[in-house]
Amino acid sequence: MTLTLLLGPAMVLSVCLALGGTAEPQDIGTDFEMRVLDAVFPLDPGVSSYFARMTLRFSDSDTQLVAVTHLVYPPDPRGRAELISYSIAGLGNGSLPQFISKMLAQDPKVTAREIAAKLKVHVTRSPIGYEALERFVNELKSIRISPIFQSRVAVDEYSGYEFWYDAGQESVHYTLTGPFEDAPQDKLVQWMIRFRASVPDLLKAGSEQKP
């Protein structure tokens, strides 16, 4: 069993309790998995002249979404937005921990970057509906999160979620666990999950938006 003490925005203390023995290789912890994702998924998708960029990373599905609001010249009130989706080729959703455990069983000293080097990333870029994206951004504006998170204990079932928002001169990054419901930061995790579920609708709206 794994007890996880959540201490702050990027502080997670995991303690593995093994009854009658030591921790097995599959007890990799969310932190190690997220370090693999750091090495697999780029934070900079190579997009220039953007107004804002949101990056959502999910360890429960081993995916990353980047929503970009582009600067448009001449100005267009309809706006223009793009979604860049990253997934690990050849692995099913949430199966990265099993792959990591297999690699650790073969070499307990293998690093996150060495594991990442064996993975291939599938990338798709698609226009999305600007107005639909703006509605999600407005929801995001209503979320209030203190820079000091309340401490709590998570037992066994949790996943890692990361959120970046880059507006050029200013940016923010959250490393969170969930899905939970009680703490203010849980609203951001729940928003991320809703955004992921809405991707088909965002793509549909983008395909219907005429140039």
Only one of Lys120, Lys187 that is of a type in the set (Lys, Arg), touching a residue at least 24 places away in the same chain (Cβ under 8 Å) and closer than 18 Å to Thr55 by Cα
Lys187
Per the filter on the stretch 175-202, residues more than 19 Å from Val68 (Cβ to Cβ), of a type in the set (Val, Ile, Thr) and out of contact with any helix residue (DSSP H, G or I) (no Cβ under 8 Å at 6 or more places or on another chain) are Val189, Ile193
Within the stretch 93-146, can you find the residues that are small (Gly, Ala, Ser) and out of contact with any Gly (no Cβ under 9 Å at 6 or more places or on another chain)?
Gly94, Ser95, Ser101, Ala105, Ala112, Ala116, Ala117, Ser142, Ser146
Close pairs (7 angstrom Cβ cut-off, 6 or more residues apart or separate chains): touching a residue at least 12 places away in the same chain (Cβ under 8 Å) and part of a loop (DSSP other than H, G, I, E, B) in the stretch 46-60, acidic (Asp, Glu) and surrounded by fewer than 18 Cβ atoms within 10 Å (Cβ to Cβ) anywhere
none
Looking only at strands (runs of 3 or more DSSP E) that fall completely inside the stretch 108-211, which ones have 1 or more residues that are surrounded by 15 or more Cβ atoms within 10 Å (Cβ to Cβ) and of a type outside the set (A, V, I, L, M, F, W, C)?
121-128, 159-166, 171-178
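All of the numbers you see were taken from the coordinates with simple rules; none came from a lab. The structure displayed is predicted, hence computed values, not measured ones. Positions of Cβ are generated from backbone atoms using ideal geometry, with glycine treated the same way; all protein chains shown enter the neighbour counts.
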